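The values are calculated or read from the model by the stated rules, or taken from the named source; none is laboratory data. Computed from a predicted structure; not experimentally measured. Cβ coordinates were reconstructed from backbone atoms using ideal geometry, including for glycine residues, and neighbour counts include every protein chain displayed. Calculation scope for accessible area: heavy atoms of the full protein, side chains included, ligands and nucleic acids excluded. Shrake-Rupley method; radii C 1.70, N 1.55, O 1.52, S 1.80 Å.
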Amino acid sequence: MAGKVFFGVTMSLDGFIAPGSLGELMGKQWMELQQWIFPLRFFRENLKLGEGGEEGRDNDISRETFERTGASVMGKRMFDAGEQMWPEEAPFHTPVFVVTHEKRDPWERPGGTTFYFVNDGIEAALDQAREAAGDRDVRIAGGGATILEYLNAVLIDEFSIALSPVLFGSGIRLFDGVDADRVALEPIRAEHSPRVTHLTYAVRER
């Protein structure tokens, strides 16, 4: 396969990527965590929020992540939250494969996003995503439990963290339950911006 399998998330300094409760998504703490992305020109373009927005390296990274992605995989928890919050034109614009036990017909949205519901586990979802992505990359979009499953199965090639200067105290930890005896990391790059630090690692099996 030509493309890579990757994930990219924003993480607090104490290791959390989301609040513990779905009801807290879009709350004050989560908004502080994600504050680096809201002013970006690409973010505004992708969500049809109007013209303008900030340029610069943060914007470039956001755009590059979108452009490299030919298909996405996500867990049911993330889909359930997003189904309520995403605009009618969901922000993926590619096929999205949802790992779930729910049997459901594909859900097509305006703008090129179609959600497919996969009942055969993470590897089956990834196989379908790879086929759909062609020579582009597959993004494991989330949430944290789904990312961890793929990481522990050493099905991730690389990942990026936007490290945000925020403390959560509690919530969903990105690496809570990681199989450190099996998963090894190799630093690729670190880039600083006024709002976050972008860290990228390759994943290797020990």
The stretch 91-127: number of residues that are touching a Pro at 6+ places or on another chain (Cβ under 8 Å) and open to solvent by 70 Å² or more (accessible area, probe 1.4 Å)
1
Tell me, which residue of the stretch 46-64 that is under 16 Å from W86 (Cβ atoms) and not polar (S, T, N, Q) is least open to solvent (accessible area, probe 1.4 Å)?
L47
Hey, any hits in the stretch 54-61 for a residue that's among the small types (G, A, S) and under 21 Å from S160 (Cα atoms)?
yes
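What's the total number of residues in the stretch 181-200 that are open to solvent by less than 60 Å² (accessible area, probe 1.4 Å) and under 22 Å from G144 (Cβ atoms)? I'd like the intermediate steps shown before the answer.
Taking the stretch 181-200 and keeping what is open to solvent by less than 60 Å² (accessible area, probe 1.4 Å), we get 183-184, 191, 193, 196-200.
Applying the additional criterion that residues be under 22 Å from G144 (Cβ atoms) yields 183-184, 196-200.
Residues meeting the conditions: 7.
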For the stretch 21-36 the number of residues that are free of Cβ contacts under 8 Å to residues at least 60 places away in the same chain and within 27 Å of E191 (Cα to Cα) is 4
With criteria (1) more than 28 Å from G177 (Cα to Cα); (2) part of a loop (DSSP other than H, G, I, E, B); (3) touching a Lys or Arg at 6+ places or on another chain (Cβ under 7 Å); (4) not small (G, A, S), L49 comes up short on (3)
For a quick check of your reading: which strands (runs of 3 or more DSSP E) sit entirely within the stretch 88-158 and have at least 1 residues that are farther than 30 Å from A184 by Cβ and of a type in the set (S, T, N, Q)?
114-118
Restricting to the stretch 71-100, give me the number of residues that are within 22 Å of G23 (Cα to Cα), in contact (Cβ under 8 Å) with a residue 40 or more places away in the chain and not aliphatic (A, V, I, L, M).
5
When the stretch 159-198 is examined, which residues are found to be within 18 Å of A18 (Cα to Cα) and either acidic (D, E) or in a strand (DSSP E or B) (or both)?
F159, S160, I161, A162, L163, S164, I172, R173, D176, T197, H198
What residue, among those in the stretch 147-165 that are open to solvent by less than 40 Å² (accessible area, probe 1.4 Å) and not hydrophobic (A, V, I, L, M, F, W, C), is nearest to V203 (Cα to Cα)?
E158
Every listed condition ((1) buried (at least 16 other Cβ atoms within 10 Å of the Cβ); (2) touching a residue at least 24 places away in the same chain (Cβ under 8 Å); (3) over 23 Å from H198 (Cβ atoms)) holds for R68 save (3)
